[in-house]
Structure formats: structure tokens, C-alpha cells
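Heads up: the structure comes next, in C-alpha cells.
The values are calculated or read from the model by the stated rules, or taken from the named source; none is laboratory data. None of these values were measured; they are calculated from a predicted model. Don't worry about glycine lacking a Cβ; one is built from the backbone with ideal geometry, like all the others, and counts go over all protein chains shown.
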Amino acid sequence: MVTPQECLALGLESLVLHPLCGGMPVEEGWRSLRLYCEDVLPRLKA
């Protein structure tokens, strides 16, 4: 697990998300997915 800033710093060309990995509570999975969509996706280079 990484923060949005750490995710961007990794400079990955692709990323696979598993928001319910390891039995994570559903609401926490949605929160993580929203965080990625709002804070990481808009800052990725196209």
C-alpha cells in the first residue's frame, strides 16, 4: 500500500488495483479506489 504521491513517484506504466484484497472491508476498498481516481489518475502522463 502506498500514498497517492508514492504511487506517482513509482513511475509505473501500468497498475493493477485489488481494492478488496485480503478481505479489506468494502467501504475501505471504495475509499481507496476513489482516492486513486481523484488523486492519482488526473496526474498521470497520457
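Okay, here's what the table says:
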| read-out | value |
| --- | --- |
| Long-range neighbours under 9 Å by Cβ, at least six apart or interchain, first residue more than 11 Å from ASP39 (Cβ to Cβ) within segment 1-14, second in a helix (DSSP H, G or I) | MET1/SER32; VAL2/ALA9; VAL2/LEU10 |
| Count - residues of segment 1-38 that are assigned to a helix (DSSP H, G or I) and out of contact with any helix residue (DSSP H, G or I) (no Cβ under 9 Å at 6 or more places or on another chain) | 14 |
| Search result, residues across segment 6-28 that are at pLDDT 90 or above and either of a type in the set (Phe, Trp, Tyr) or exposed (fewer than 11 other Cβ atoms within 10 Å of the Cβ) (or both) | GLU6, ALA9, LEU10, PRO25, VAL26, GLU27 |
